[in-house]
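Nothing in this text is a laboratory measurement; each read-out follows from the coordinates by a stated rule. This structure is a prediction, so every number in the text was calculated from the model and none was measured. Here Cβ is always computed from backbone atoms with ideal geometry, including for glycine, and neighbour counts include all displayed protein chains.
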Amino acid sequence: MVVVYPGSFDPITNGHLDIIERCSKKFDKVVVSILYNPSKKTMFTVEERKEMIKEAVKKFTNVEVDTFSGLLVDYSKAKGISTVIRGLRAVTDFEYEMQMALMNRKLDDELETVFLMSSNQYTFLSSSVVKEVAIFNGDISKLVPKVVNQAIYKKLKGGL
Ligand code: PNS
């Protein structure tokens, strides 16, 4: 089975990577797809995010990195994928995730969303928290892949 793991990934964290790794063991192929949303301000361009994810997942042979814009249902249909993966960290994620999953199924009743509980050590982790800690010079080296750690500090030095 081929699954899509969509998200903003601004930037990818070790929590995302954990979900990707677990999916790569369970499914034949995982397409990690980055939403290109020009109206949302991001720290990294979609190309930068794609390159960082590619580097971080290169050890998984059945993981592909892609981008999409518009509706996830349209993208999934075009790719011939009918299963979406999302990670759940805590109850606080639940309402938003349920709304999104139900809306996607309303738009396309073939599209199922499968939730993976995040691993214990990553329940506190998010891209926003990582950026905030980095902005104030905290250590994020254990929270993100090496390529992201380097890229964030390079970006912050150059000014956002
Ligand atoms: O990492 P994120 O920001 O939580 O990911 C959210 C994402 C990209 C999965 C979601 O915003 C999305 O699929 N956007 C595409 C637009 C869409 O299909 N919206 C309908 C579902 S509410």
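What the table below lists for this structure:
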item: Farthest toward positive dipole pole in the chain [+1 Lys/Arg, -1 Asp/Glu at C-beta], among 143, 153, 19; result: 153
item: Selected from 115, 124, 60 as most flexible by GNM, with the chain as the system and alpha-carbon contacts under 10 Å; result: 124
item: Amide H within-cut-off set for residue 113, under 5 Å, with H built and near neighbours excluded; result: 84
item: Within straight-line cross-link reach of residue 59, lysines at Cα separation under 27 Å, skipping those fewer than 8 residues along the same chain; result: 25, 26, 29, 50, 79, 131, 142, 146, 154, 155
item: Assigned charges on the beta-carbon of Lys, Arg, Asp, Glu; region 2-156 dipole about Cα centre (debye); result: 400 debye
item: Residues whose placed amide H lies under 5 Å from that of residue 64, excluding near-sequence neighbours; result: 30, 31, 32
item: Potential extension, residue 26-residue 58 segment - 0.36 nm per residue separation minus Cα distance; result: 9.8 nm
item: Inter-site label distance for residue 153 and residue 40 at 7 Å from Cα along Cβ, in nm; result: 2.8 nm
